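Undergrad: I have a structure I would like to understand better, so I am pasting it below and will then ask my questions one at a time.
The values are calculated or read from the model by the stated rules, or taken from the named source; none is laboratory data. In this text, all values refer to a predicted model and were calculated from it rather than measured experimentally. Reconstructed Cβ throughout: ideal geometry from the backbone, glycine too, with neighbour counts over all protein chains shown. Just so you know, the surface numbers come from the protein's heavy atoms only, side chains and all, with ligands and any DNA or RNA stripped out. Shrake-Rupley method; radii C 1.70, N 1.55, O 1.52, S 1.80 Å.
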Amino acid sequence: MLETAMRTATIARKTNETEINVSVNLDGSGAHAMATGIGFLDHMLDQLSRHSLIDMDVSCKGDLHIDFHHTAEDVGIALGQAISKALGDKRGIRRYGSADLPMDGTLTRAALDVSGRPFLVFRAEFSRDKVGEMDTELFREFFQAFAMNAGITLHIENFYTDNNHHLAESIFKAVARALRVAVEIDPRVGDRVPSTKGTL
């Protein structure tokens, strides 16, 4: 059986546009503290942490006086980097995860592979430009940044929806549930990397 070290990581990222600190614990309970300056993004990150059972602490000071783009994208970058760092060489993980997430009149699926080959398929259409104060086009930007920096293949597809808030929330919850499964330690895998290549 794999003797697991603490799968934790901290990332500090500073640019001319944002200053971000992110801490994660893959084997946590979903404890979280979010302060990005964007209320709706904080709400979505709360869901990502709670439903993945990954402890997350995210703080960001961004150029919100310009718009929300840099903050949303850079938080995705830093969070993805933290997840990747905490995974280490990925020994013993399940690797794959998927979840169908119903939320009232909305149904969304997320499927992911902790592959080391970053890729995003995002098939979800919002009927409004904003949810709360957040531009709906930024949800794709967040997940693009997250997938590229976490080193995961991530497919997100919404089948139908009747509410933009529920659409966004179902995406984050579905990704969280899929991520929870994929990064879990599988006792049957032992200390092996789950790939015929021997590396991910």
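Undergrad: Mind listing whichever residues of the stretch 16-36 are open to solvent by 50 Å² or more (accessible area, probe 1.4 Å) and closer than 14 Å to Thr71 by Cβ?
TA: Asn16, Glu17, Glu19, Asn21, Ala35
Undergrad: Does Ala176 count as at pLDDT 95 or above and within 30 Å of Ile66 (Cα to Cα)?
TA: For Ala176, the condition - at pLDDT 95 or above and within 30 Å of Ile66 (Cα to Cα) - is met.
Undergrad: Could you count how many residues in the stretch 76-96 are touching an Asp or Glu at 6+ places or on another chain (Cβ under 8 Å) and of a type outside the set (Lys, Arg)? Before the answer, list the steps.
TA: Taking the stretch 76-96 first, the residues touching an Asp or Glu at 6+ places or on another chain (Cβ under 8 Å) are 76, 91-96.
Still in the running and of a type outside the set (Lys, Arg): 76, 92-93, 96.
Count: 4.
Undergrad: Could you say whether any residue in the stretch 138-145 is open to solvent by 10 Å² or more (accessible area, probe 1.4 Å) and within 18 Å of Leu53 (Cα to Cα)?
TA: Within the stretch 138-145, none of the residues are open to solvent by 10 Å² or more (accessible area, probe 1.4 Å) and within 18 Å of Leu53 (Cα to Cα).
Undergrad: Could you tell me which residue of the stretch 80-118 is farthest from the chain's Cα centre (by Cα), considering only residues that are open to solvent by less than 20 Å² (accessible area, probe 1.4 Å) and more than 18 Å from Asp186 (Cβ to Cβ)?
TA: Applying the filter and picking the extreme gives Thr106.
Undergrad: Pick out the one residue from Phe126, Phe146 that is within 20 Å of Ile38 (Cα to Cα), in a loop (DSSP other than H, G, I, E, B) and modelled with pLDDT of 95 or more.
TA: Phe126
Undergrad: I'm trying to understand the selection: among the residues of the stretch 5-15, which are loosely packed, with under 14 Cβ neighbours inside 10 Å and either at pLDDT below 95 or under 22 Å from Pro187 (Cβ atoms) (or both)?
TA: Ala5, Met6, listed by residue number.
Undergrad: State which residue is most open to solvent (accessible area, probe 1.4 Å) when the search covers only the stretch 49-79 and only residues that are closer than 18 Å to Arg13 by Cβ and among the acidic types (Asp, Glu).
TA: Asp57
Undergrad: Would it be correct to say that Gly39 is open to solvent by 40 Å² or more (accessible area, probe 1.4 Å) and either without any contact (Cβ under 8 Å) to a residue 60 or more places away in the chain or more than 16 Å from Asn16 (Cβ to Cβ) (or both)?
TA: Here the answer is yes, as Gly39 does meet what is asked.
Undergrad: Any residue in the stretch 154-161 that is farther than 22 Å from Arg50 by Cα, assigned to a loop (DSSP other than H, G, I, E, B) and either open to solvent by 20 Å² or more (accessible area, probe 1.4 Å) or modelled with pLDDT of 95 or more (or both)?
TA: Yes, because at least one residue in the stretch 154-161 is farther than 22 Å from Arg50 by Cα, assigned to a loop (DSSP other than H, G, I, E, B) and either open to solvent by 20 Å² or more (accessible area, probe 1.4 Å) or modelled with pLDDT of 95 or more (or both).
Undergrad: Sticking with this structure for a sec: For the stretch 88-107, state whether one or more residues are closer than 30 Å to Lys14 by Cβ, modelled with pLDDT of 95 or more, in contact with a helix residue (DSSP H, G or I) (Cβ under 8 Å, 6 or more places away or on another chain) and among the acidic types (Asp, Glu).
TA: no
Undergrad: Just a yes or no: is a residue in the stretch 180-192 closer than 27 Å to Asp129 by Cα, in contact (Cβ under 8 Å) with a residue 60 or more places away in the chain, open to solvent by less than 50 Å² (accessible area, probe 1.4 Å) and among the charged types (D, E, K, R)?
TA: No: the stretch 180-192 contains no residue that is closer than 27 Å to Asp129 by Cα, in contact (Cβ under 8 Å) with a residue 60 or more places away in the chain, open to solvent by less than 50 Å² (accessible area, probe 1.4 Å) and among the charged types (D, E, K, R).
Undergrad: Let me ask you something else. Do we have any residue at all in the stretch 125-137 that's under 22 Å from Ala82 (Cβ atoms) and buried (at least 19 other Cβ atoms within 10 Å of the Cβ)? Even if it seems obvious, please write down each step before you answer.
TA: From the stretch 125-137, those under 22 Å from Ala82 (Cβ atoms) are 134; that's our starting set.
So of that shortlist, the ones also buried (at least 19 other Cβ atoms within 10 Å of the Cβ) come out as 134.
There is at least one residue in the stretch 125-137 that is under 22 Å from Ala82 (Cβ atoms) and buried (at least 19 other Cβ atoms within 10 Å of the Cβ).
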